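Report on one structure; see the data block that follows.
The values are calculated or read from the model by the stated rules, or taken from the named source; none is laboratory data. Just so it is clear, the structure is predicted and the values come from calculations on it, not from any experiment. Ideal geometry is used to build each Cβ from the backbone, glycine not excepted, and the neighbour counts take in all protein chains shown.
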Amino acid sequence: MKYPKFVEDYLFYTEGNETPEVMHLWVAMSTLAGAAEKRLWIDRGFFKLFLNLYVVLVAPPGVCAKSTSLSIGMRLLKEAGYNVFEDSVLKEKIIMEMCELEKQIEVKGKMFRHSSITYVASELNVLLASGVDMVKFLVNIWDKDDVLIYKTKNAGVFEVTNPYFNLIGAAVPEWFGENVVSDMNSTGFLARTIIIYEDKKRGKEPSPSLTDAQRKARERLIEHLLWMGDLYSEIEISRAAEDFYRDWYISQEIDASQDHRLVAYQERKVKTHVLKIAALLALADKRLVVDVSDIETSVEMFDGIEKKMRIAFILSSPNKLAHYAYKTVQLLSARGGRLPLADLIRTFHTEITRDQFKELLELLSDLGDAHVEVKEGKKYLVAE
């Protein structure tokens, strides 16, 4: 896939460590989104589409160095003078700090005020520990235009002018606890969130180091972010790109039989995520007009993460058997679609009960993934 200059420099700069490249790619997009602030937008007629993202890196603990990849991009933003928050877990504190860090830029003789931040949640479950109230706040501020008014019992009323909340976080699959899943789905938080799931490191790098060429790439990244800091503009979409997007939009079929959380996400992707990423790709090339290649690359980027995004939902499901159903399908594939039932029992017998094993077989059958066959007195699990 061909990426614009900023992204190429970012991926080159982050070579030589164990974090998968796809995680660095999406941290790069979040970094660009942080630099866009409330000063750059796409005009969609009835509303303006601002370029903030909610990106969450999901991986088993200690495998993919999620926090390391977050810190690389966020250090760049900080050095370029952007507001980056970490570790504030109270909604009130976030709102107060957004008010205190309000920025101004002169536009046609008038001062444009905005409160733009990038929030880094190295442990997303900590941010969400306060429950549905925090989740609703994140949903409300995601596309809040003009002024966010927050009334407190003791500290008075806070007005956040032109709020812009860009979120990048990391989590293990278990962060979708049963209660949190319910809350996040009912509020629409998951639909706004781009989840990057990986379970394998890029490679073993016992002594990571930077070359002179990588250091120069880092300097170019800082220069690019500084360039973005002086912009105040609509990001236009070329006629050809608009036509391409319209055809793609109409061709999308949202399958209601999928996980309902993914269906909501797909709807949001088609309407906003693809356009936001396309605009950020244009900015990564120092362009203020989205062209066809930006839309194409954006769509490819989403295609590249969505299969594993489904895995993240399966593994984090409060239904324990969903996890084993996924593992069984993987095992079946590795064994050519046919597996002695006794082998499957040996694999899971220390983790699930006999009754749960029976339920697992029923679940696989109901999903149309596999069924049990008897041949010469032996039972086999056979892929559909």
Q.
It is to be established whether one or more residues within the stretch 351-358 are hydrophobic (A, V, I, L, M, F, W, C) and modelled with pLDDT of 85 or more.
A. yes
**Q.** Checking D247 against (1) closer than 30 Å to N319 by Cβ; (2) modelled with pLDDT of 95 or more, the condition it does not meet
**A.** (1)
Q.
Residues that are at pLDDT 95 or above, closer than 26 Å to T68 by Cβ, exposed (fewer than 14 other Cβ atoms within 10 Å of the Cβ) and touching a Phe, Trp or Tyr at 6+ places or on another chain (Cβ under 8 Å): does the stretch 226-236 have at least one?
A. no
(Q) Any residue at all in the stretch 90-101 that's at pLDDT below 85 and more than 30 Å from E205 (Cα to Cα)? (A) yes
Q. Looking at S116, S122, which is the one that is assigned by TED's automatic domain parsing to the domain that holds G229, modelled with pLDDT of 90 or more and among the small types (G, A, S)?
A. S116
**Q.** Selected residue [without any contact (Cβ under 8 Å) to a residue 24 or more places away in the chain and in contact with a Leu (Cβ under 8 Å, 6 or more places away or on another chain)] from L11, L53
**A.** L11
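Listed here are the residues, each with its yes/no results for (1) in contact with a strand residue (DSSP E or B) (Cβ under 7 Å, 6 or more places away or on another chain); (2) in the same structural domain as A264 (by TED's automatic domain parsing).
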| position | (1), (2) |
| --- | --- |
| M309 | yes, yes |
| A325 | no, no |
| R335 | no, no |
| L339 | yes, no |
| I345 | no, no |
| T350 | no, no |
| K358 | no, no |
| A370 | yes, no |
| K375 | no, no |
Q.
Looking only at helices (runs of 4 or more DSSP H) that lie completely in the stretch 313-384, which have at least 2 residues being within 32 Å of the chain's Cα centre (by Cα), more than 22 Å from V58 (Cβ to Cβ) and of a type in the set (A, V, I, L, M, F, W, C)?
A. 320-334, 354-367
